[in-house]
1. Taking the stated definitions as given, is residue A:216 within 9 Å of chain B (Cβ to nearest Cβ) and under 16 Å from residue A:167 (Cβ atoms)?
2. Checking residue A:204 against (1) closer than 24 Å to residue A:131 by Cα; (2) away from every other protein chain (no Cβ under 11 Å); (3) at pLDDT 95 or above, only one condition comes out false. Which one?
3. May I ask you to verify whether residue A:111 is closer than 20 Å to residue A:162 by Cβ, part of a helix (DSSP H, G or I), in contact with a helix residue (DSSP H, G or I) (Cβ under 8 Å, 6 or more places away or on another chain) and in contact (Cβ under 8 Å) with a residue 12 or more places away in the chain?
4. Considering only strands (runs of 3 or more DSSP E) fully contained in the range B:3-84, which possess at least 1 residues that are buried (at least 19 other Cβ atoms within 10 Å of the Cβ), in contact with a helix residue (DSSP H, G or I) (Cβ under 6 Å, 6 or more places away or on another chain) and within 11 Å of chain A (Cβ to nearest Cβ)?
5. Look at residue A:114 and say whether it is surrounded by fewer than 23 Cβ atoms within 10 Å (Cβ to Cβ), closer than 13 Å to residue A:37 by Cβ and in the same structural domain as residue A:29 (by TED's automatic domain parsing).
6. Can you find, within the range B:94-120, the residue that is surrounded by the most Cβ atoms within 10 Å (Cβ to Cβ) among those that are touching a strand residue (DSSP E or B) at 6+ places or on another chain (Cβ under 9 Å) and assigned to a loop (DSSP other than H, G, I, E, B)?
7. Would you mind stating whether residue B:91 is within 13 Å of another protein chain (Cβ to nearest Cβ) and either surrounded by fewer than 20 Cβ atoms within 10 Å (Cβ to Cβ) or modelled with pLDDT of 95 or more (or both)?
8. Out of the helices (runs of 4 or more DSSP H) lying entirely within the range A:42-108, which hold 2 or more residues that are touching a residue at least 60 places away in the same chain (Cβ under 8 Å)?
């Protein structure tokens, strides 16, 4: 899950603007990882060495891996190992930013190293989606302060990100939480009763709703219709069900889920202990609104 | 295999997925219901051999529908399905006479196993 928060870290460090991040997230699908970014991430090369290798490649008719070996920056074994690396989200994001000219290899190297240091994470931790790692990251990042329900909120949001990775995809960046206000349109709502009273909402524009539903249903949907709403509703139902199981197992508190509803418009200004968590996917932003 | 199966869920997405899974497992006829009351009415009219019933539904919940169906036909085979797979929900479904319990998201293999068991 550290992968997903890397984009947010770049925003906080003002290394990338929200507009550029949004643009780059959309182009990530077609981004191909290059050897330089992989070598920087693995700690085999510095950004300066990568730049030198790229400059050299313009003068010789060789592949970049061969140039890097010839220049003594990498061994053949390291090149082979790097080419086998699975493309992680944070690397694809970095590559897309470099490809679009929004960041240099040096800036990427510095940002990646500071991010790893500040969060005490190793490369292996990047895709660690264990409950403890997720909860710790979410707690540190959002620092929810809504009294006795703060730990429920942390649990809810960390499970949400895990379920997004599981059911929708890992190409997203969680954004800062925002206070609720005004009206929203085109949203799916599920209330939770029993030992905890909560309202959970998914809100997005039509295009993001259709893509979100398509990914969840594993079908190519084209219209923001009743079927699309049913798919998004089922995602929130599954997520809330898993949350209810966790709460029951951990605290013995039993939750009751109510049937999901769809609203064209909904006033959310009166929701108590509520926040909006926008999640930027490559296809658009989906807002998760939680009131506990 | 001659097996009439009713799929009851308020989500048209889940009904579609369930119908596909039930058809792939060899059911000869499939009926749909979108809430607990429809499930009761259609059960009485159609007498399906097996029912897959969501718990969280409007109008009448799955457990309420199960209770009424069992009162009408004590041999009814009703499989309860829910995203909330807690011991509490499982116990409630069993106490109400459920034939089996499935946690969502429902795997096609689990549907096939239940259909195979019900047709024996």
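The values are calculated or read from the model by the stated rules, or taken from the named source; none is laboratory data. Here the structure is a predicted model, which is why all the values come from computation and not from measurement. Neighbour counts run over all protein chains shown; Cβ positions are idealised from the backbone, glycine included.
1. Values: within 9 Å of chain B (Cβ to nearest Cβ): yes; under 16 Å from residue A:167 (Cβ atoms): yes.
So residue A:216 passes the test.
2. (1)
3. So residue A:111 fails the test.
4. Numbers: elements: B:4-8, B:29-33, B:50-54, B:78-82.
Hits in the range B:3-84: B:50-54, B:78-82.
5. Values: surrounded by fewer than 23 Cβ atoms within 10 Å (Cβ to Cβ): yes; closer than 13 Å to residue A:37 by Cβ: no; in the same structural domain as residue A:29 (by TED's automatic domain parsing): yes.
Taking the combined requirement at face value, the residue does not satisfy it.
6. Here the residue is B:98.
7. Numbers: within 13 Å of another protein chain (Cβ to nearest Cβ): yes; either surrounded by fewer than 20 Cβ atoms within 10 Å (Cβ to Cβ) or modelled with pLDDT of 95 or more (or both): yes.
Yes; evaluated as a whole, the condition is true for this residue.
8. Numbers: elements: A:47-57, A:64-70, A:76-83, A:89-99.
Of the helices (runs of 4 or more DSSP H) lying wholly inside the range A:42-108, those with at least 2 residues that are touching a residue at least 60 places away in the same chain (Cβ under 8 Å) span A:89-99.
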